[in-house]
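Here's the structure we're looking at; comments come further down.
The values are calculated or read from the model by the stated rules, or taken from the named source; none is laboratory data. Values in this document were obtained by computation on a predicted structure and should not be read as measured data. Because the Cβ atoms are built from the backbone with ideal geometry, glycine has one as well, and the counts that use them run over all protein chains shown.
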Amino acid sequence: MIVAHLPAGYIVSTLLFHRFQKYGTSRLTFLRAGLLGSIAPDLDMIYFYGFDHRAHPHHSYLSHFPSVWLLLLTLAILGFQHCRHKKLPLLALIFTCNGTLHMLLDYISTNIYWLAPFVNRPFALFNVPKAYEIWWLNFLLHRSFALEILIVFWAAYLWSKQRMARRY
Ligand SMILES: [Zn+2]
């Protein structure tokens with residue numbers, strides 16, 4: 001997934017906020033934590049380009065292991081259930097929820113190591129053929145990109161709806 005992680009994070013955070021509003025976190029803080037979580041796994045690109053010099057696919061790093069995100073999500077759920085003060089665990093919850101969603105979205109058209117660190121084998125729902133030298137052009141011209149466009153439009157719709165609601 002190339003462009004839809006942030007919009008997907010916006011959709012999930014916006015739709016979930018009304019359920020957690022009663023715990024006293026502001027919409028903006030909740031949204032910021034959610035948006036950060038939606039792109040957090042891709043921060044490993046800093047290591048990929050800066051230190052690893054593109055030697056390994058960045059989806060083979062710990063930061064793209066679904067097991068790591070599921071563990072973090074479980075810890076966030078437990079923290080939210082058991083802590084008396086819910087504000088911080090709630091932010092951890094939306095952060096890890098969107099980080100986990102990132103794994104699912106990446107899985108649609110790129111390799112995700114679902115069984116790592118136990119099995120070092122990548123899985124992808126669709127294999128995007130390498131027809132062009134420019135890597136992102138292959139994704140842009142693949143039919144799975146239609147889903148990304150759909151997510152972007154959905155997020156834009158929600159955003160404009162929220163904006164109108166706040167105006168009146
Ligand atoms: Zn990713």
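Taking the listed residues Gly79, Gly99, the one that is out of contact with any strand residue (DSSP E or B) (no Cβ under 7 Å at 6 or more places or on another chain), in contact (Cβ under 8 Å) with a residue 60 or more places away in the chain and surrounded by 15 or more Cβ atoms within 10 Å (Cβ to Cβ) is Gly99, with no other qualifying. Farther than 18 Å from His64 by Cβ, part of a loop (DSSP other than H, G, I, E, B) and in contact (Cβ under 8 Å) with a residue 12 or more places away in the chain: does that describe His85? Judged against the criteria, His85 is not a match. Can you confirm whether Leu104 is closer than 21 Å to Leu15 by Cα, within 14 Å of the ligand (Cβ to nearest atom) and surrounded by fewer than 19 Cβ atoms within 10 Å (Cβ to Cβ)? Considered against the rule, which asks whether it is closer than 21 Å to Leu15 by Cα, within 14 Å of the ligand (Cβ to nearest atom) and surrounded by fewer than 19 Cβ atoms within 10 Å (Cβ to Cβ), Leu104 comes out as yes.
Scanning the stretch 149-160 turns up no residue that is surrounded by 15 or more Cβ atoms within 10 Å (Cβ to Cβ) and over 22 Å from Gly9 (Cα atoms). The listed residues are Thr96, Thr74, and the only one of them that is away from the ligand (no atom under 16 Å from the Cβ), of a type in the set (Val, Ile, Thr) and closer than 23 Å to Arg32 by Cα turns out to be Thr74. Tell me whether the stretch 1-10 contains one or more residues that are closer than 28 Å to Asn127 by Cα, of a type in the set (Phe, Trp, Tyr) and surrounded by fewer than 14 Cβ atoms within 10 Å (Cβ to Cβ). No, the conditions are met nowhere in the stretch 1-10. Residues in the stretch 122-148 that are part of a helix (DSSP H, G or I) and without any contact (Cβ under 8 Å) to a residue 24 or more places away in the chain: Trp135, Leu137, Asn138, Ala146.
Being touching a residue at least 24 places away in the same chain (Cβ under 8 Å), within 11 Å of the ligand (Cβ to nearest atom) and either assigned to a helix (DSSP H, G or I) or among the aromatic types (Phe, Trp, Tyr) (or both) is the filter here; which residues of the stretch 35-64 pass it? Once the filter is applied, which keeps residues that are touching a residue at least 24 places away in the same chain (Cβ under 8 Å), within 11 Å of the ligand (Cβ to nearest atom) and either assigned to a helix (DSSP H, G or I) or among the aromatic types (Phe, Trp, Tyr) (or both), the stretch 35-64 yields Ser38, Ile39, Ala40, Pro41, Asp42, His59, His64.
Inspect all residues belonging to the stretch 108-121 and state whether any of them is within 22 Å of Gly34 (Cα to Cα), part of a helix (DSSP H, G or I) and either hydrophobic (A, V, I, L, M, F, W, C) or at pLDDT below 95 (or both). Among the residues of the stretch 108-121, at least one is within 22 Å of Gly34 (Cα to Cα), part of a helix (DSSP H, G or I) and either hydrophobic (A, V, I, L, M, F, W, C) or at pLDDT below 95 (or both), which makes the answer yes. Number of residues in the stretch 112-134 that are acidic (Asp, Glu) and touching a strand residue (DSSP E or B) at 6+ places or on another chain (Cβ under 9 Å) equals 0.
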